[in-house]
Each structure stands twice: as C-alpha cells, then as structure tokens.
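Engineer: Quick one: the structure is below, and I'll ask about it shortly.
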Amino acid sequence: MTKFSAVEVPLSGGERVHVVVDTVFTMSEESRLYSLWLSQAGRSANTQRSYQTKLAAFLTWATAEGVDWRNLTLLDLIRYKLHLQEAVPGQRPRSGKTVNVYIVAVLQFLRFCAHEGICDVDVDRRFFDHAGLRAVKARDGSGDPDRVPRLSRMLKAREMTKHPQPISGTAESELMVCATNPRDALLVRLLLHCGLRVGEALGLRLEDLHFLPESTHAGCFERGPHVHIHRRINSNGALAKSHDTRSVPVTDDVTQAYAAYQDERHQLLGGTFSDYVFLNLYSRNSRPDEPLRYASVHAMFRRWERKTTMRVRPHQLRHTAATRWVRAGHPLDVVQELLGHRSLESTQVYLHASAEEMRAAVESVTAASSENNGS
C-alpha cells in the first residue's frame, strides 16, 4: 500500500519547508507547489507541518480507497470524516475538533489546486452550505462582519467546548525544577509570566530585549524592562502569529533569568556570535550558535513530562498567564494587548470560571444558608 508522509526539506536559500512524499520519497508537482505556497503565504513552520501531515493522511486513505482526490465528491469527504472518527486500538479517539482540522486541511489543499488549475473541484459550492451563512469579523475587529458560507453539516464533526486550562502552582514548581539550565528557565518564564507564544520566543533577537529601566540609547522611548515582538522570517522556522508589532513588559524574574543565561551563553559560545536569543547551546547534534527550533522545545517538554506527574504543553503557559491576568482583575482590553489578539473575542475565552471558583460559590451560599437557619 502506498503511504504518504510529510518530511522537512531545505530550499536553496536555507529556508526549510514541509512536503508530502510517497513511500519511495517521490514528490508530486502539486505537493511541491503547495509547499512553496504555504511557505510564501507566511505560514509558520508548525502550521506547514500540521497541514502537510494531515494532507499526507488524506492521500494515504484516498489511495487505499481508490478515491480520485482531483474530483473529490461530498460523499467521498463524508467517508473520510467517518474514517477519521473510527476508533483505532491502542490509540485515543480523535476529538471532533481534531477531525474538523483534518477536513479543513484537505479543503485548503483542494482550494489551492483548483486555483492553480490542477483540479476542477469547486470547494465552496461542493462542500459548504450557502443557505446558512455565518458572520466573520475583520481581523482588526472593525466594520460590519462578512457573511460567509458554513462548512456542510455532514462534514463537520461535533466539537466539545473546552476552555484553556492553566497550570497549577504545583505544576509550575515542578516545571521550574525541570528547567535546570538558564536557557530553559528563561524560556519558561517568558511563556508563563509574559504570555508569549513559542514562535514569538524562538524568533526573538538580542535587539528585541530592552531590559534596562530606559532604552532611549536604542531608540526606544518605552520605559521599564520589556520585550519587542516582531513578525519576521527566521531560519529556525519560528514565526510570530500576529502581523502587528507589540511590546510586552517583563518581570524581575525574567531579567534575572536572562542575566544568568547571558553568562552561560557567553561561556559556551566563546567568540561565536548569534543574533538569536535562544540557541542550541546544549545539543550534541547541532552547532551551539544555531537557533532553537519548535521540535526541540516540544521534545524538551515531553522529557519533562516523563520526569514528573504533570502533562504540560508550551502553549498552556500562555493560557496560564492570560488566565491569571484576567482573574487578577485586569481589564480585558489590557490582556488583549499583552497577548497580541486582534479581536477581543479571542481574549474572552479566558473569562471562564474554574471548577474551584464554582465550588467556592456554591459552598459559600450553602454555608450562609446554614448559618441563617441555625440562628
């Protein structure tokens, strides 16, 4: 059986992209063009890998089932959705949200192929419901929302609403114990205390860190220690999600962690210079002046997971920062600016109550009622 997979390959300019290849590592022309389009459209390395991995899964299924993806029908895609929902022995079943992401990845590829004349599938007419339009606001939240068609109900899996889960104080303590070197300690604090995305942290350059009380010498008139987030192309594939530049204040813990990291970085690099903040200082398989990559960070968190009782993902630290800011009573628009959200709706997900808060509310009323009855 032909099995497709997503692999990372370098371009002539040094940039790395993900492409879909078959069992003998043959890459089709449409796969080559699609990988270049994803890269040039500004998709992050994580997004490229996610789209291509899911596309490879679809092509593997289509080949096994004898389905011609160039003329995919609604019934074909419904069959694929049912395939994704099937339970696999020894594996956790895919959530409705995950199934929907797989379907969207296929539709994104088909849209590209139709636009380039590779296939004749009219994605919007064939797979979307034009009778039930949904409102979509502009990225900056301005103006009246556009009305766009919904994905056909027969294709959309049911999703369970899950609120972002912050980590506990105990998990934070365990995490800091695992972050034994200065680099990792700094990375964790930037994610946990400042709410940075992993891609934003890995794309930081030395010039972005303004950790003195004043930075007018660098042409920056913002007071207090802070970090600047810029969307730029990075050799490690890291990419800031937002197109807007923003600055985020940092805590004393962050500046102290950076001071410790500076000392160790200087000792390990010697006379070698790199503009990236986070480097592969401790890796045996790469040069110490190479920037840290997404895969290394995720592997690091998996290693920590095996050492402890916690299950923490890097993006959870950003959720934790946002949740703590909201529960501390800071205005939602302030949290929105700190997180770099264009829409306030994205920030409102952090308004949910925790199980502990709901239990405290119920118990407080019960206790007050008991006191009144006894008096």
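Engineer: What lysines could a cross-link reach from residue 81, if we take a straight Cα to Cα line under 19 Å and drop same-chain neighbours fewer than 8 places away?
Structural biologist: The qualifying lysines are 3, 54, 97, 156.
Engineer: Using 7 Å Cα-to-Cβ label points, what is the residue 173/residue 298 separation (nm, one decimal)?
Structural biologist: 3.1 nm
Engineer: Another one. How much of the accessible area of the range 218-316, probe 1.4 Å, is carbon plus sulfur, in whole percent?
Structural biologist: Summing carbon and sulfur atoms, their accessible area is 49 percent of the total for the range 218-316.
Engineer: Let me know the shape class of the range 1-105, please: from the alpha-carbon gyration tensor, a ≥ b ≥ c as square roots of the eigenvalues, rounded when a/c is under 1.5, otherwise prolate if a/b is greater than b/c, or oblate. Provide the component values of the computation, followed by the final result.
Structural biologist: On the way: a/c = 1.84, a/b = 1.55, b/c = 1.19.
Note, shape of the range 1-105 comes out prolate.
Engineer: What does the convex hull of the alpha-carbon atoms of the chain project to on average, in nm²?
Structural biologist: Across all orientations, the chain yields a mean hull projection of 26.3 nm².
Engineer: Given springs between every Cα pair under 10 Å in a Gaussian network model of the chain, which of 189, 125, 246 has the largest fluctuation?
Structural biologist: In the Gaussian network model the winner is 125.
Engineer: In Å², what does the accessible area per residue of the chain work out to with a 1.4 Å probe?
Structural biologist: About 56 Å² of surface per residue is accessible.
Engineer: With a point put 7 Å past each Cα toward its Cβ, work out how far residue 28 is from residue 220 in nm, to one decimal.
Structural biologist: Output for this residue pair reads 4.7 nm.
Engineer: Output ³J(HN,Hα) for the range 149-159: one whole-Hz value per residue in order, computed from phi by the Karplus curve 6.51 cos²θ - 1.76 cosθ + 1.60 with θ = phi - 60°, and x for Gly and Pro.
Structural biologist: Per residue, the Karplus-derived 3J(HN,Hα) values read x, 8, 4, 3, 4, 5, 9, 8, 7, 6, 9 Hz.
Engineer: Given contacts defined as C-alpha pairs under 8 Å and at least six residues apart, what's the relative contact order of the chain, whole-number percent?
Structural biologist: RCO, the chain: 14 percent.
Engineer: Report ³J(HN,Hα) in whole Hz for each residue of the range 71-82, in order, from the Karplus equation J = 6.51 cos²θ - 1.76 cosθ + 1.60 where θ = phi - 60°; Gly and Pro get x.
Structural biologist: Result, ordered by residue: 9, 5, 9, 4, 5, 4, 6, 5, 4, 5, 4, 5 Hz.
Engineer: Quote the charge dipole size of the chain about the Cα centre in Debye, to the nearest 20; the model charges only the Cβ of Lys and Arg (+1) and of Asp and Glu (-1).
Structural biologist: 940 debye
Engineer: Quick one: give the max-minus-min coordinate of the C-alpha atoms of the range 228-375 along each principal axis, largest first, in Å.
Structural biologist: 77, 38, 26
Engineer: Would you mind checking which residues have amide H under 5 Å from residue 151's amide H? H placed 1.01 Å from N; only 5 or more apart, or other chain.
Structural biologist: Here 129 satisfy the definition.
Engineer: Round to the nearest 0.05 the FRET efficiency obtained for residue 79 and residue 114 when R0 = 22 Å and r is the Cβ-Cβ distance.
Structural biologist: With R0 = 22 Å, the Cβ-Cβ based efficiency is 0.60.
The values are calculated or read from the model by the stated rules, or taken from the named source; none is laboratory data. Remember, predicted model here, so these are calculated numbers, not experimental data. Quick reminder, even Gly has a Cβ in these numbers, built from the backbone with ideal geometry, and neighbours come from all protein chains shown. The accessibility values were calculated without ligands, DNA or RNA, using every heavy atom of the protein model including side chains. Shrake-Rupley method; radii C 1.70, N 1.55, O 1.52, S 1.80 Å.
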